[in-house]
């Protein structure tokens, strides 16, 4: 295939042929990663697909998808939900990780919370300042009450404590009863996060197992012979803690693919050059107080990720993931979760340990490097590979979140991720009529009947981000 000349903008007919070639299999995979909460297999995937395909679970006489065997996860508990009539054909998978994480203990939760609360105010994201101060207030109050109780117990029986001390010293006992009642709730929800997000020695095995499962799934989806189907596109969707797992999946899977190619006869580089210019411009614009310029730079970056992914496929690189969609993602608070302080967080990004969108640039110019190779006739060729943390140069990252108000309104766990992990992330504030918008962290794919006609609702924006019909690849 001759792709040496021209660009996607100047030769739309050429681009159209390239798109058809890249999508020759006409089949794609969507991987959904559940969040915390003692999840059962398929309890996330089935409602997710029902919502995306607008299926009424009570109506089964004309199903929009089939539940077929799934041979990738190594467990019979999971199924592949296969769209019946959509074009391209779409298979939905669930990365189920709950069974890989041990039951949390108070010791693990205490260690994690201690790490979070021990930070300086400057190392706490602005969106969490109120909650951080509130948590500190509760911690101090509990400590004071416990000390008062111990003092009252240690004093001689003949000594009568003041009325106020006698009244308040027994309060921690009442609190302990309440804690016993909510213990299961905390261990099931906070416990999973405490284990996965804290690299304590006792947590390493579980973190490794979850990440291995995710990377293995991506690799197997690239290997058509193992799935029984050949895919030409993969979309990763992560909810809550599942978005952090999805981020790790991409972080660790990408270096296994980024240098691999099948020796293209005539490699091209036009879209790569455009993308590197767009990345440089976006980083520069993001540092300036120019909202209109930033919006234009972000839009151009979103377009170049599509063009660059397509060019990489034309150059016979195997990577198939085009989109990463996060819902209610705690990555909005990456500074708190992925590093011990702001200096360490920034260093990890600059050193390419934490991938950003756009990728970090080498000397402020590029995120690629040349790779030489020989063809069968002995002639030399050079193509360009993207560096080991440049996954979001070809993967469009869309982040949906319910803006939080009054702590319980919207979704405090989620939020905008771009300020933490790069201006190339498409942060989309959404809304829902479900529960009036209160406590909606789990409602991204549980639409109210009015949400279907709302262009800003979570389900509408989720369907648009999935881009099942691949509209965003046209007219590039």
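The values are calculated or read from the model by the stated rules, or taken from the named source; none is laboratory data. Given the structure is predicted, the values throughout are model-derived calculations rather than measurements. So basically every Cβ, Gly included, is an ideal-geometry build from the backbone, and we count neighbours across all protein chains shown.
Yes or no, residue by residue, for (1) in the same structural domain as residue 21 (by TED's automatic domain parsing); (2) part of a strand (DSSP E or B); (3) closer than 30 Å to residue 467 by Cα:
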{"site": "307", "(1), (2), (3)": "yes, no, yes"}
{"site": "313", "(1), (2), (3)": "yes, no, yes"}
{"site": "317", "(1), (2), (3)": "yes, no, yes"}
{"site": "324", "(1), (2), (3)": "yes, yes, yes"}
{"site": "333", "(1), (2), (3)": "yes, no, yes"}
{"site": "336", "(1), (2), (3)": "yes, no, no"}
{"site": "343", "(1), (2), (3)": "yes, no, no"}
{"site": "346", "(1), (2), (3)": "yes, no, no"}
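Which one of 461, 435 is part of a helix (DSSP H, G or I) and surrounded by fewer than 18 Cβ atoms within 10 Å (Cβ to Cβ)? Give the derivation first.
Working: 461 fails: surrounded by fewer than 18 Cβ atoms within 10 Å (Cβ to Cβ).
It is 435.
State the number of residues belonging to region 242-291 that are assigned to a helix (DSSP H, G or I) and either surrounded by 18 or more Cβ atoms within 10 Å (Cβ to Cβ) or touching a helix residue (DSSP H, G or I) at 6+ places or on another chain (Cβ under 9 Å) (or both).
Selection size over region 242-291: 30.
Could you identify the single residue in 100, 81 that is modelled with pLDDT under 95 and either touching a helix residue (DSSP H, G or I) at 6+ places or on another chain (Cβ under 8 Å) or over 15 Å from residue 221 (Cβ atoms) (or both)?
That would be 100, the only listed residue that is modelled with pLDDT under 95 and either touching a helix residue (DSSP H, G or I) at 6+ places or on another chain (Cβ under 8 Å) or over 15 Å from residue 221 (Cβ atoms) (or both).
Can you give me the number of residues within region 332-352 that are exposed (fewer than 14 other Cβ atoms within 10 Å of the Cβ) and under 18 Å from residue 283 (Cα atoms)?
So the answer is 4.
For the subset of region 20-55 comprising residues that are crowded, with 17+ Cβ neighbours inside 10 Å, under 30 Å from residue 316 (Cβ atoms) and in contact with a helix residue (DSSP H, G or I) (Cβ under 8 Å, 6 or more places away or on another chain), which member is modelled with the lowest pLDDT?
Applying the filter and picking the extreme gives 22.
So residue 444 ticks every box in (1) crowded, with 21+ Cβ neighbours inside 10 Å; (2) closer than 22 Å to residue 300 by Cβ; (3) touching a strand residue (DSSP E or B) at 6+ places or on another chain (Cβ under 6 Å) but one. Which box is left unticked?
(2)
To keep it simple, each residue is scored yes or no on (1) more than 22 Å from residue 352 (Cβ to Cβ); (2) in contact (Cβ under 8 Å) with a residue 60 or more places away in the chain.
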residue: 247; (1), (2): no, yes
residue: 259; (1), (2): no, yes
residue: 263; (1), (2): yes, yes
residue: 286; (1), (2): no, yes
residue: 295; (1), (2): yes, no
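Residues 417, 395: which one is assigned by TED's automatic domain parsing to the domain that holds residue 279, surrounded by 20 or more Cβ atoms within 10 Å (Cβ to Cβ) and farther than 20 Å from residue 253 by Cα?
Answer to the check: 417.
Output yes when any residue across region 401-413 is part of a strand (DSSP E or B), under 23 Å from residue 461 (Cβ atoms) and under 18 Å from the mean Cα position of the chain (by Cα), and no when none is.
Just the residues of region 401-413 that are part of a strand (DSSP E or B), to begin with: 401, 405, 409.
Now restrict to residues that are under 23 Å from residue 461 (Cβ atoms): 401, 405, 409.
Still in the list and also under 18 Å from the mean Cα position of the chain (by Cα): 401.
Yes, because at least one residue in region 401-413 is part of a strand (DSSP E or B), under 23 Å from residue 461 (Cβ atoms) and under 18 Å from the mean Cα position of the chain (by Cα).
Considering (1) surrounded by 13 or more Cβ atoms within 10 Å (Cβ to Cβ); (2) over 17 Å from the mean Cα position of the chain (by Cα); (3) touching a residue at least 60 places away in the same chain (Cβ under 8 Å), say which one residue 375 fails and leave the rest.
All conditions pass for residue 375, except number (1).
Can you find even one residue in region 320-342 that is within 14 Å of residue 390 (Cβ to Cβ) and either within 21 Å of the chain's Cα centre (by Cα) or modelled with pLDDT of 95 or more (or both)?
Yes - at least one qualifying residue is present in region 320-342.
What tally of residues in region 405-418 results from selecting those that are touching a helix residue (DSSP H, G or I) at 6+ places or on another chain (Cβ under 8 Å) and modelled with pLDDT of 90 or more?
Initially, region 405-418 is screened for residues touching a helix residue (DSSP H, G or I) at 6+ places or on another chain (Cβ under 8 Å), giving 407, 409-410, 412-417.
If we keep only those that are modelled with pLDDT of 90 or more too, we end up with 409-410, 414-417.
Matching residues across region 405-418 total 6.
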